[in-house]
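Undergrad: What follows is a single structure, and I will ask about it in a moment.
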Amino acid sequence: SAGDLGHKLGWEVYAVGGFVRDILLGRPNFDLDLVVEGDGIEFARKFASLSGGRVKAHSKFKTAVVILDDGQRVDVATARLEYYEYPAALPTVELSSIKMDLYRRDFTVNALALRINPGRFGQLVDFFGAERDIRNRTIRVLHSLSFVEDPTRILRAIRFERRFDFQIGGQTMRLIKNALNLELFSKLSGTRVMHELQWIMNEEDPLACFIRMQELGIMAAIHPLLKLTKDKVQILTELGKVHNWYKLLYLEPEITSWKLYILGMTMGIKREDIGQVTTRLHFTRKEEKDFKQLRDMIGDALMKLMGWREGKSKLSRLYSILHPIPVEGILFLMARSRKEHIRRNISQYLARLRYVKIDVDGKDLLNLGIEPGPIYTIILDRLMRAKIDGHVETREEQLEMAIK
Ligand code: ATP
């Protein structure tokens, strides 16, 4: 094991961070983070060759990732032993090790280590009262400059608070408000804000985090247009529900959570203003283009869906409205629709209609003696609609229809 290897190399090895926190909380966590008091990269290489895995090393940060054959990832970091070289051949002084490594972390609950070397296996290393904070369900920073050092920790605090149903501690909350008064947030780069927002949108209940952010004025601090309105809260509630529904069905493709929730967060923002938000959040050109296009597609589909009547309108019509839209947009339409029958039919589309395939292709058309050209698309398209509407079933019926 990793502990035995550490012992052989004479280095202390610790499991740290979320992994240890989640053990104490009794929650599953498969992301193992190790810290080695020694050379993390060398450790990772030896560990990988013993257990049959691959290593990706970042020599600049003295970190490595070991990817085991079963896909399990183990992150390995080096407890940076920082030495002070004294002049005149005085001894080199070791200033920091696991304690300094833990001190650099965001919250006490994440600043726990667990010894894994044999003999000391399972010993908790807790310099900052982490165990007590986990017991009291409190999110607490390690020192008062924490949020000045890194304002994204404010979003992390909210994320962990909501995820574990903890409370941000009193002093920590004062430090957050201080940081907000200093407008540290407005100076934070869009890339970093977006990165943390994406983590939030991957949580079970992103809306709970958004509401907390709103209470603290963080939404407006990121950008005034991001303030949560009643409409946004409502759509985000519905988006959470349809997202869960979709996840339970294990449908393909998987949803990119942020592409879904960002639609709710920006609902009601005018077309000409949306660029302010994408610029603030530092979308790439492509992300911005796709996002604007998706919003337009949704607007267009909403209009068309208004005229769609169950029983009266054709299913193939629904198919052509929804088919060009990425699945995040379709879920948004579902969340957005007030009419029960529209929601039901969109869910039918996602669960079944979109997978419908016809049993005839271009080769068949060629064999039927039809001259190749744009007419192929038209024919195949018509066959698809006929199949969706139940006018043709078998391949024979489809071939027959193709020549008509
Ligand atoms: P999750 O369950 O969301 O993966 P985690 O605690 O494992 O939670 P990561 O974002 O994977 O969180 O980070 C790993 C560790 O790195 C954390 O436990 C934390 O101690 C530390 N860390 C991450 N981001 C920061 C930060 N901005 N400032 C300080 N420490 C951080």
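The values are calculated or read from the model by the stated rules, or taken from the named source; none is laboratory data. As the structure is a prediction and not an experimental result, all values here were calculated from the model. Glycine also receives a Cβ, built like all others from the backbone with ideal geometry; neighbour counts cover every protein chain displayed. In case anyone asks, the SASA skips ligands and DNA or RNA and just uses the protein heavy atoms, side chains included. Shrake-Rupley method; radii C 1.70, N 1.55, O 1.52, S 1.80 Å.
Undergrad: Name the residues in the stretch 23-35 that are more than 7 Å from the ligand (Cβ to nearest atom) and outside any loop (DSSP other than H, G, I, E, B), would you?
TA: Within the stretch 23-35, I23, L24, L25, L32, L34, V35 qualify.
Undergrad: Quick one: in the stretch 94-141, of everything that is part of a strand (DSSP E or B) and more than 11 Å from V35 (Cβ to Cβ), which residue is nearest to the ligand (Cβ to nearest atom)?
TA: Once the filter is applied, the top-ranked residue is F107.
Undergrad: Cβ-Cβ below 6 Å, separation at least six or inter-chain, first residue in the stretch 149-174 and within 16 Å of R104 (Cα to Cα), second surrounded by fewer than 17 Cβ atoms within 10 Å (Cβ to Cβ) and not hydrophobic (A, V, I, L, M, F, W, C): which pairs?
TA: T152/R192
Undergrad: Which one of the conditions (1) open to solvent by less than 40 Å² (accessible area, probe 1.4 Å); (2) touching a Phe, Trp or Tyr at 6+ places or on another chain (Cβ under 9 Å); (3) farther than 28 Å from E238 by Cβ; (4) more than 16 Å from the ligand (Cβ to nearest atom) does M173 fail to meet, given that it meets all the rest?
TA: M173 satisfies all of (1) open to solvent by less than 40 Å² (accessible area, probe 1.4 Å); (2) touching a Phe, Trp or Tyr at 6+ places or on another chain (Cβ under 9 Å); (3) farther than 28 Å from E238 by Cβ; (4) more than 16 Å from the ligand (Cβ to nearest atom) except (2).
Undergrad: In addition: Among the helices (runs of 4 or more DSSP H) confined wholly to the stretch 327-404, which include 3 or more residues that are within 30 Å of M303 (Cβ to Cβ)? Quick ask: steps written out before the conclusion?
TA: Values: elements: 327-336, 340-351, 362-367, 375-388, 395-403.
In the stretch 327-404, 327-336, 340-351, 375-388 are the helices (runs of 4 or more DSSP H) which contain 3 or more residues that are within 30 Å of M303 (Cβ to Cβ).
Undergrad: Within the stretch 333-346, count every residue that is crowded, with 17+ Cβ neighbours inside 10 Å and without any contact (Cβ under 8 Å) to a residue 60 or more places away in the chain.
TA: Count: 6.
Undergrad: Shifting gears a bit: Between I330, I370, which is crowded, with 17+ Cβ neighbours inside 10 Å and of a type in the set (A, V, I, L, M, F, W, C)?
TA: Unique residue meeting the criteria: I330.
Undergrad: Could you list, in sequence order, the residues of the stretch 144-170 that are out of contact with any helix residue (DSSP H, G or I) (no Cβ under 8 Å at 6 or more places or on another chain) and either within 13 Å of the ligand (Cβ to nearest atom) or at negative phi (or both)?
TA: L145, E149, D150, R163, G170
Undergrad: Then there's this: Quickly run through the stretch 277-311 and pick out the residues that are open to solvent by 50 Å² or more (accessible area, probe 1.4 Å) and assigned to a loop (DSSP other than H, G, I, E, B).
TA: H282, T284, G307, R309, E310, G311
Undergrad: All but one of (1) touching a helix residue (DSSP H, G or I) at 6+ places or on another chain (Cβ under 8 Å); (2) closer than 25 Å to E196 by Cα; (3) among the basic types (K, R) hold for R285; state the number of the condition that does not hold.
TA: (1)
Undergrad: Find all pairs meeting these conditions: Cβ atoms under 9 angstrom apart; at least six residues apart or on different chains; first residue within the stretch 232-255 and touching a residue at least 40 places away in the same chain (Cβ under 8 Å) and within 14 Å of N202 (Cβ to Cβ); second residue of a type outside the set (D, E) and surrounded by fewer than 19 Cβ atoms within 10 Å (Cβ to Cβ).
TA: Here the result reads H243/I255; I255/K247, each pair linking the stretch 232-255 to a residue that is of a type outside the set (D, E) and surrounded by fewer than 19 Cβ atoms within 10 Å (Cβ to Cβ).
Undergrad: Taking the stretch 180-207 on its own, how many of its residues are within 16 Å of the ligand (Cβ to nearest atom), open to solvent by less than 30 Å² (accessible area, probe 1.4 Å), of a type in the set (A, V, I, L, M, F, W, C) and modelled with pLDDT of 95 or more?
TA: 5
Undergrad: Only one residue in I218, I158 is in contact with a Cys (Cβ under 6 Å, 6 or more places away or on another chain) and open to solvent by less than 60 Å² (accessible area, probe 1.4 Å). Which one?
TA: I158
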